[in-house]
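One structure is given here, and the rest of the page talks about it.
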Amino acid sequence: MTWGIRSFTLITKVANFNNQFKCMQEQQQFAPSLYSTKLPTKSQTYFFDVKEAKNGHKFVTITQSRMKDGIRVRNSLIVFSDQLEAFSEIFADVKSKAI
């Protein structure tokens with residue numbers, strides 16, 4: 001049996017999906033969402049979640065979800081509660097420069 005590029009690409013995409021799904025399951029298992037909201041746009045959706053780690057510390061995850069080549073791609077950013085104020089200030093500064 002000969003494995004072509006398409007077969008390899010499909011196997012890679014399935015493996016990537018399985019890894020992403022496993023990470024999502026682990027994230028949900030260990031960090032339940034205390035608050036969640038989303039911002040749907042034309043080409044992507046942003047999710048904003050407040051979660052609590054096993055040690056009791058809260059953190060925020062910002063996740064971008066979009067379709068790329070027929071596959072859902074997610075990118076996440078985690079900001080811990082002790083960094084949230086500085087993050088917010090810098091974000092507001094960058095926002096003021098962009099608008």
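FYI, it's all coordinate maths here, none of it is from the lab. Treat the numbers as computed from the prediction; the structure is a model and nothing was measured. Cβ coordinates were reconstructed from backbone atoms using ideal geometry, including for glycine residues, and neighbour counts include every protein chain displayed.
Please sort 50-56, 38-44 by packing, taking for each peptide the average over its residues of neighbouring beta carbons within 10 angstrom, highest first. Numbers along the way, then the final one.
On the way: 50-56: 11.6, 38-44: 9.6.
The densest-packed peptide leads the list: 50-56, 38-44.
What are the ³J(HN,Hα) values, in whole Hz, obtained from phi via the Karplus relation 6.51 cos²θ - 1.76 cosθ + 1.60 with θ = phi - 60°, for each residue of segment 49-66 in sequence order, with x given for Gly and Pro?
3J(HN,Hα) across segment 49-66, in whole Hz: 10, 9, 10, 10, 6, 4, 7, x, 7, 8, 8, 10, 10, 10, 10, 9, 10, 8.
In the structure displayed, which of LYS38/LYS95; LYS68/LYS97; LYS54/LYS95 lie more than 26 Å apart, Cα to Cα?
Beyond 26 Å between Cα atoms: LYS68/LYS97; LYS54/LYS95.
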